[in-house]
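What follows is a set of notes on a single structure, which appears directly below.
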């Protein structure tokens, strides 16, 4: 009994320590100290009710069903519709969502106390039955989400209480419920529309989808019965899909759009002196990377993966592609974040790349790299192509619309490599599980090692902060330095540009914009 009580105390200590360390990380890495933020644009004056905003977004949503989306770009488009069980603060502290509180009686049990009087956008009630339905759906064979696999079952205590039973301790479970896995969909709508549910999304969030033109625009209307409607100000939001970065900025300058998230470095620098535009820049948990399909040639040979790992000059990419903004990524967590391991250093070493191929008896190595018809990504892909040709690796570039590229690589498993980014997750264990676990959707080659799987499992059941950080260092070393499962490239600040009339924006460590809190100064 004493041992169980001690374990539970460790869980609570972990949660408190986690949030404190993350808060410290956020402060220490803030772009404000570097003079990159023109204005923080948070809480400027008293929020005003009513009005509309138009937002430019580079890609359309991959799927309005949270369990079937495939990219981190989806989150900003899902959040207006779906309220999660747990929310997060800008520095990744868990805070109440549809679960207004929680407790851990022991290390394998979590009790969620749910908000009363909440309804879905179709008028049906949100309750413990809905929680059970959603979590079971997240863990079904139809889902792309693996974040909740540690959940064995959900017990309905009463309408407003759900007891979650874990198959094993899971240090990430609370913040995992702030991601897609915790987004609550209407069971009634899912049962009504079946396979067509994504065409009729129904959540308990502050906005409904009133119209969606694929690859054109998404129109959101305020949900009048939202449980926290006093904190939602806009009547309507329109997201216009504009892939071209210059077209986005031209639309912002002309007043056709009011907000542009994720502005590239070369563009943001040109806007610094524009009196009509506000810039907000912050460091994030994300990084740019190459995804590899390691189950087929040439990447089923570890020597090729490692040759690519050492054959890329990341510093040169930062200078050429990002105009000097960013840092080399040698692991999935950025410098200054508590899960980063300072002992891991990935240096550009073209001679080592050549030797790896020579020792493996490999000649005429080539692969196809899929990228997107967007100038930034095209420049990145061609820069990588040029660097790898110097070490004897031929790269063929295939350009596809973003969602089609992800579909071809991640779902169809029909190409060798993909340029992409990892947007980070609320808890580092979620990132580790997604990128390196052999069963993860984001590891399409399903490559792993017994050592790596053992480390991932140990980290999931560890709650002490320093021990977790030590394990993540070992995992990064095994997954990247030893195996080359995925190829990290660099990190960059996330910069958002907006009209001066846009208020209420608050950045977060994920670097993903939350639109529903915005308001318009009239």
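The values are calculated or read from the model by the stated rules, or taken from the named source; none is laboratory data. This one's a predicted model, so the numbers in the text were calculated from it and none came from an experiment. Cβ coordinates were reconstructed from backbone atoms using ideal geometry, including for glycine residues, and neighbour counts include every protein chain displayed.
Suppose the filter is within 16 Å of the chain's Cα centre (by Cα), buried (at least 21 other Cβ atoms within 10 Å of the Cβ) and not in a loop (DSSP other than H, G, I, E, B); does residue 77 pass it? Write out each step before concluding.
Working: within 16 Å of the chain's Cα centre (by Cα): yes; buried (at least 21 other Cβ atoms within 10 Å of the Cβ): yes; not in a loop (DSSP other than H, G, I, E, B): yes.
Here the answer is yes, as residue 77 does meet what is asked.
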- Message: Being surrounded by fewer than 20 Cβ atoms within 10 Å (Cβ to Cβ), in contact with a strand residue (DSSP E or B) (Cβ under 9 Å, 6 or more places away or on another chain) and modelled with pLDDT under 95 is true for just one of 168, 116, 163. Which residue is that?
- Response: 168
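So which of 418, 362, 356 is out of contact with any strand residue (DSSP E or B) (no Cβ under 6 Å at 6 or more places or on another chain), more than 30 Å from residue 462 (Cα to Cα) and surrounded by 22 or more Cβ atoms within 10 Å (Cβ to Cβ)?
356
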- Item | Answer residue from segment 128-153, given it is in contact with a strand residue (DSSP E or B) (Cβ under 7 Å, 6 or more places away or on another chain), in contact (Cβ under 8 Å) with a residue 24 or more places away in the chain and crowded, with 21+ Cβ neighbours inside 10 Å and is farthest from residue 406 (Cα to Cα) among those | 131
- How many of the residues making up segment 22-62 are modelled with pLDDT of 90 or more, surrounded by fewer than 19 Cβ atoms within 10 Å (Cβ to Cβ) and part of a loop (DSSP other than H, G, I, E, B)? 6
- Note on the structure: Among residues of segment 380-401 being in a helix (DSSP H, G or I) and free of Cβ contacts under 8 Å to residues at least 60 places away in the same chain, the residue nearest to residue 68 (Cα to Cα) is 381
- Message: For segment 326-366, give me the residue count where each residue is in contact with a helix residue (DSSP H, G or I) (Cβ under 8 Å, 6 or more places away or on another chain) and not in a loop (DSSP other than H, G, I, E, B).
- Response: 10
- Only one residue in 91, 65 is in a loop (DSSP other than H, G, I, E, B), within 23 Å of the chain's Cα centre (by Cα) and modelled with pLDDT under 95, so which one is that? 91
- Could you say which residue among 380, 369 is farther than 24 Å from residue 283 by Cα and in contact with a helix residue (DSSP H, G or I) (Cβ under 9 Å, 6 or more places away or on another chain)? 369
- Identify the residue in segment 304-323 that is in contact (Cβ under 8 Å) with a residue 40 or more places away in the chain and out of contact with any strand residue (DSSP E or B) (no Cβ under 9 Å at 6 or more places or on another chain) and, among all such residues, is farthest from residue 445 (Cα to Cα). 323
- Query: Is it the case that segment 342-358 has a residue that's at pLDDT below 95 and under 25 Å from residue 405 (Cα atoms)?
  - Reply: no
- Message: The conditions are (1) at pLDDT 90 or above; (2) surrounded by 16 or more Cβ atoms within 10 Å (Cβ to Cβ), and residue 399 fails exactly one of them. Which is it?
- Response: (2)
- Task: Among the residues of segment 402-414, count how many are touching a strand residue (DSSP E or B) at 6+ places or on another chain (Cβ under 8 Å) and either surrounded by fewer than 20 Cβ atoms within 10 Å (Cβ to Cβ) or free of Cβ contacts under 8 Å to residues at least 40 places away in the same chain (or both).
- Result: 2
- Message: Can you confirm whether residue 334 is buried (at least 20 other Cβ atoms within 10 Å of the Cβ), under 22 Å from the mean Cα position of the chain (by Cα) and either farther than 26 Å from residue 72 by Cβ or at pLDDT below 95 (or both)?
- Response: yes
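Here is a yes/no grid of residues against (1) within 30 Å of residue 339 (Cβ to Cβ); (2) touching a helix residue (DSSP H, G or I) at 6+ places or on another chain (Cβ under 9 Å); (3) without any contact (Cβ under 8 Å) to a residue 12 or more places away in the chain:
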{"position": "219", "(1), (2), (3)": "no, no, no"}
{"position": "233", "(1), (2), (3)": "no, no, no"}
{"position": "244", "(1), (2), (3)": "no, yes, no"}
{"position": "251", "(1), (2), (3)": "no, no, no"}
{"position": "254", "(1), (2), (3)": "no, no, yes"}
{"position": "263", "(1), (2), (3)": "yes, yes, no"}
{"position": "289", "(1), (2), (3)": "yes, yes, no"}
{"position": "294", "(1), (2), (3)": "yes, yes, no"}
{"position": "298", "(1), (2), (3)": "no, yes, no"}
- If you go through 493, 513, the only one that is closer than 28 Å to residue 207 by Cα and touching a helix residue (DSSP H, G or I) at 6+ places or on another chain (Cβ under 6 Å) is 513
- Message: Being farther than 30 Å from residue 257 by Cβ, modelled with pLDDT under 90 and either under 15 Å from the mean Cα position of the chain (by Cα) or surrounded by fewer than 22 Cβ atoms within 10 Å (Cβ to Cβ) (or both) narrows it down to one residue among 482, 465; which is it?
- Response: 465
